[in-house]
Amino acid sequence: MALPGLELSMADLLHRAAAAIDAGQLVTAFRLLGAPLSALLSEARASARDELMRQACRSHLLHALVQQDPSTQRATTKPKGCAGDAVMMNFLCEGLAPEGTSATGRRAFAATTRVLMGLSVLFRRQLLRSMIDETVATVPAARVLSVACGHARELDGSLPGSPCSTASSWRSIKTPCPVPKWRVPSRAAPFG
């Protein structure tokens, strides 16, 4: 079943976003794409045309433009098997585009890492850091367990990472292994 409305809507959306990027309005372009592109993808899935939509998006000029952004390129290629690997977390936490990134790529990088999604990662890190710090400050000999949380960036600047910490231990389990027979709390709290 042909859905010319879907194709026209998608083409119009992609052209408007590409024009915004050409005009140097990258935040506008990414905001323009967000919800409408998701809605169009949902519509395409419902009509079994999602792969055609992906192919159309990848063949559009916009795809080449946004792939200059290191975070978008990494999320697309998933070199470690997932979009949220350590390099991506560094992009979001540090907000610095790698050396050699084009001018368009740098502007796109700033737009993708410093809009709602990217900022939510920074908020989550700060929230977890605050919860860890509160536990370490209020629970004598507190111990903190991190399971499958990557590089534990929540510890950067936190009390467990400081020389005056009263935390008796910090354990980070980064690779698949049996879970120790400790009681694991449902929220950030000491365990024993």
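Annotations for the structure displayed:
- When only Cα pairs below 8 angstrom with a gap of at least 6 residues are kept, the stretch 4-119 shows a relative contact order of 26 percent.
- Two-decimal ratio, the stretch 4-119, of alpha-carbon radius of gyration to 2.2 N^0.38 Å: 1.07
- Using only side-chain charges placed at the Cβ, +1 for Lys and Arg and -1 for Asp and Glu, the dipole size of the stretch 4-119 relative to its Cα centre rounds to 120 debye.
Every read-out reported here was derived from the displayed coordinates using simple, explicitly stated rules and does not represent laboratory data. Worth saying up front: this structure is predicted, and the values here are computed from it rather than measured. Please note: Cβ atoms are built from the backbone with ideal geometry, for glycine as well, and neighbour counts cover all protein chains shown.
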